[in-house]
Amino acid sequence: MAQTVLITGASSGLGAEMAHQLAGRGHDLALCARRTDRLDTLREEIRTGYPDARVEVRALDVDDHAAVFEVFRGFATDFGRIDRVVVNAGVGKGAPLGTGRFDANRQTAMTNFVAALAQTEAAMEIFRAQQRGHLVMISSVSAMRGMRKTVTTYAATKAGVATLAEGLRNEMLGEPDLDIRVSTIYPGYIRSEMNERVKKTPFIVDTVPGVRAMVEAIEKEKPNALVPAWPWVPLGRAMRHLPLPLVRRIL
């Protein structure tokens with residue numbers, strides 16, 4: 001069934017490809033990001049490829065928390081309802097702790113967790129009013145365990161996002177009058193602008209098939225999904241339980 005899907009961080013990378021693939025599945029799109037020129041280009045691409053899809057765009061810097069609520073409410077007014085919100089916006093900056101780059105680690109923490117909290121609050125405000133909705137939190141396989149060096153803070157934020165989602169899922173179990181579902185997606189290494197300069201990344205897949213696995217899990221409304229399933233389902237379990245020296249050898 002066609003839905004109205006709001007995606008943050010939609011101007012490039014995984015967000016843009018999710019927009020293309022969800023439009024191909026018949027959904028209408030509410031797209032927001034900082035770079036409005038890219039959003040406008042994306043809107044025209046989708047309208048050309050999928051003329052039946054309705055696409056609305058708005059500028060949004062998710063670190064402006066008041067703007068998050070304003071934009072989400074604006075989209076809800078535009079469409080009359082929002083069926084699904086994909087909390088996707090994030091950054092990949094980071095440095096080993098204690099090396100003088102608190103600025104980079106702080107920005108990662110603020111954008112990937114505090115801004116994700118703002119987006120979650122804004123989405124849940126809409127869903128509670130509607131009494132229904134599907135919240136999708138984009139985490140990462142790096143959330144499975146504490147990671148080292150430049151990924152330490154990033155992994156911690158993605159673990160925080162996953163725990164936030166699980167807490168909401170727990171809460172909704174006790175709310176029979178609310179049809180609000182919560183999915184946590186743990187992408188493995190999928191090629192995107194965020195990691196395009198990284199040359200030696202194990203098990204990395206191209207953007208289109210990687211996002212296809214994400215979209216399939218989102219459409220099935222899975223509570224938790226490591227994607228692509230191979231090799232990340234077995235690797236994710238291994239990362240959870242193996243001693244850290246062995247995890248270091250894998251990743």
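The values are calculated or read from the model by the stated rules, or taken from the named source; none is laboratory data. Given the structure is predicted, the values throughout are model-derived calculations rather than measurements. No Cβ is skipped: glycine too gets one built from the backbone with ideal geometry, and neighbour counts run over all protein chains shown. Please note that ligands, DNA and RNA were not included when accessible areas were found on the heavy atoms of the full protein model with its side chains. Shrake-Rupley method; radii C 1.70, N 1.55, O 1.52, S 1.80 Å.
What to note about this one:
- Length added when fully stretched, residue 207-residue 107, from 0.36 nm per residue minus Cα-Cα: 33.5 nm
- Protection proxy ranking of 211-223, 39-51 - average other beta-carbon atoms within 10 Å, highest first: 211-223, 39-51
- In the set (i) 33; (ii) 44; (iii) 55, the label that goes with percent of Cα pairs over 27 Å apart computed for this structure is (i).
- Remark: the chain carries 48 Å² of accessible area per residue (probe radius 1.4 Å; ligands, DNA and RNA excluded).
- Estimated FRET transfer efficiency when R0 is 35 angstrom, pair residue 48-residue 216 (beta carbons, to 0.05): 0.90
- Cα shape, region 91-237, gyration tensor, a/c 1.5 rule: oblate
- Amide H contacts of residue 91 (H built 1.01 Å from N, under 5 Å, at least 5 apart or other chain): 112
- Peptides 116-127, 162-173 ranked from most to least packed, by the mean per-residue count of other Cβ atoms within 10 Å: 116-127, 162-173.
- For the chain, the number of Lys pairs separated by eight or more positions or lying on different chains, with C-alpha atoms closer than 21 Å, is 8.
- For region 33-186, carbon and sulfur atoms together expose 49% of the accessible surface, with a 1.4 angstrom probe and every protein chain in place.
- Maximal additional length on extending the residue 240-residue 77 stretch stands at 54.5 nm, based on 0.36 nm per residue less the C-alpha distance.
- Site pair residue 248 and residue 149 shows an inter-label distance of 1.2 nm when each label is modelled 7 Å from Cα along Cα→Cβ.
- Remark: relative contact order (region 107-233) = 26 percent; criterion is Cα-Cα distance under 8 angstrom and separation of 6 or more residues.
- Estimated distance in nm for a label pair at residue 37 and residue 70, the labels positioned 7 Å out from Cα along Cα-to-Cβ: 2.3 nm
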